[in-house]
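Here the structure is laid out as structure tokens; the discussion comes afterwards.
The values are calculated or read from the model by the stated rules, or taken from the named source; none is laboratory data. A quick note: this is a predicted structure, and the numbers were derived from the prediction, not measured. Cβ atoms come from the backbone with ideal geometry, glycine included; neighbour counts cover every protein chain shown. Heavy atoms of the whole protein, side chains included, go into the accessibility calculation; ligands, DNA and RNA do not. Shrake-Rupley method; radii C 1.70, N 1.55, O 1.52, S 1.80 Å.
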Amino acid sequence: MEALYKLSARKMVEKLKAGDVSPTQAVTAAYDRIAEVEPIVRALPTLCQDRAYEAAARLESTQSQRDQRRDDPRWLAGLPVAIKDLVDVAGVRTTYGSPIYKDHIPDRSNILVERLEENGAIVIGKSNTPEFGAGGNTFNEIFPTTVTPWDSRMTSGGSSGGAAAALASGEVWLATGSDLGGSLRTPASFCGIVGLRPSPGRVAAGPSPIPFNTLSVEGPMARTVGDTALFLDAMAGEHPVDPMSLQRPTAGYQSSLMGGPHTPRVGYNPDLGVSVLDPDVRRVCDEAINRLAKAGWDIVETTPDFGDAMTTFQVLRAASFATGMADVYNDYKDLLKPDIIWNIEKGLAQTVDVLGAAERARGALYHRIADFFDSFDLMICSTACTPPFPIENQYLARMGDHVFENYMEWLALPSVVTVTSCPVLSLPCGTTGNELPVGLQIIGRPRGERELLAAAARAESVLGMSHRVPLNPVVR
């Protein structure tokens, strides 16, 4: 049999629907590839083989369901997927990257997992994450640190670093990610894959102690834009457990890939005026934009004013940590890593005046964004300020003469976009001189996932990076 791990997710689903590949064969192909590359990338620390093969057998025994859903864009037909280790899977060790939960086995899955399994996904394992998803480097005290397969010395990013590395090395075809301050976009950039942070509510999840939170969302990660649209089709839709959840559109997201303007009007600023930027990253982004301009895209060097957005983000993020993690902080403070304690205590110390100012600043930014999209179809900037850095560095502490004040400041580029609530996709756009991947953030208008995916698919065809993954891990 051909190397199935090299096929796109959409091609695999096509074969599964046609009966050319069985769910059991797909699961076996995934575990064979995991056995080959996992010792290097360390992306999937928890596997659930018995559970996966049992799920495959159940799918193979229900021919009528397979026939009924053959034309359903949500139906994954037995495709193996990885679930981030922040998301509960019933009967599978789920640690949240924390020693507090190192032996935790939930009784019920998150509603996101339930939906994916209802749509024919097979969970084969949990992808690695830093403790409680905090930070842009996937390390914790339980499992080995995850690396990018582009260079085994370098981080895969975080907090969805395990998901991104698993995709880029061919361990899985699709993987879930979550994103608050770039947690699926930064790993997408560092691993040369696609990560979509959808609009809040687009993907139902939970139950959550703070279900009205709009900063953190679940989203699809894949190797191509088309595969990302496939996974969003399987994820999207409202659910009574999630009060923010939105209705699934009548037409699937895959059907949108050829829609939208062929020559979109784009505002571009690689650093959004809020971040220092590695010169090599800036060069790669500028070269990618020039290629899009030559392809007919109307590129204007302008974006809205993001000047106070990082301060706003830090205040709102700290408040969400203090609210959502109060019990863990009170009961297990001595087991938490210092960065999380700092974030929680920052939230606890903030006054109502500070929170009120941040909410007003967020509102003002949103109105500037809405005005911007009256004249433009898209906004584009760099995904990360840096290429992947050595795994020994827990975060990027400095760039040249610039010293970052805390472990989140180097993540300003994705973080300020979070504040807008706009859907945003990280697309591979090129490589540095050291052959490390670089991503562009392509930002769509509010709730504009369909148009965003269509534009990203066109950009992908121009920039030509999708053939670079999956790759055999580069050991250095």
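Here are some notes:
- If you go through the stretch 276-309 and pick out every residue that is in contact (Cβ under 8 Å) with a residue 24 or more places away in the chain and closer than 21 Å to GLY444 by Cβ, you end up with 18.
- Pair list, Cβ < 8 Å and 6+ apart or interchain, from the stretch 243-269 residues that are of a type in the set (Val, Ile, Thr) to residues that are assigned to a loop (DSSP other than H, G, I, E, B): THR263/GLY296; THR263/TRP297; VAL266/TRP297; VAL266/PHE376; VAL266/ASP377
- Only one entry in PRO198, PRO211, PRO207 is open to solvent by less than 10 Å² (accessible area, probe 1.4 Å) and in contact (Cβ under 8 Å) with a residue 12 or more places away in the chain, namely PRO198.
- The listed residue being part of a loop (DSSP other than H, G, I, E, B) and under 15 Å from the mean Cα position of the chain (by Cα), out of GLY260, GLY181: GLY181
- Long-range neighbours under 8 Å by Cβ, at least six apart or interchain, first residue open to solvent by 40 Å² or more (accessible area, probe 1.4 Å) within the stretch 372-393, second of a type outside the set (Lys, Arg) and at pLDDT below 95: ASP377/GLY260; ASP377/PRO261
- In the stretch 348-404, the residues that are hydroxyl-bearing (Ser, Thr, Tyr), farther than 30 Å from ASN140 by Cα and in contact with a strand residue (DSSP E or B) (Cβ under 8 Å, 6 or more places away or on another chain): SER375
- Among (1) open to solvent by 10 Å² or more (accessible area, probe 1.4 Å); (2) aliphatic (A, V, I, L, M); (3) in contact with a helix residue (DSSP H, G or I) (Cβ under 8 Å, 6 or more places away or on another chain) - the single one LEU427 does not satisfy: (1)
- Among the candidates ASP67, ASP72, residue that is acidic (Asp, Glu) and either touching a Gly at 6+ places or on another chain (Cβ under 6 Å) or open to solvent by 30 Å² or more (accessible area, probe 1.4 Å) (or both): ASP67
- Of the criteria (1) surrounded by fewer than 14 Cβ atoms within 10 Å (Cβ to Cβ); (2) not hydrophobic (A, V, I, L, M, F, W, C); (3) not in a helix (DSSP H, G or I), which one ASN290 fails: (3)
- Strands (runs of 3 or more DSSP E) fully within the stretch 366-476 counting 3 or more residues that are touching a Phe, Trp or Tyr at 6+ places or on another chain (Cβ under 8 Å): 378-382
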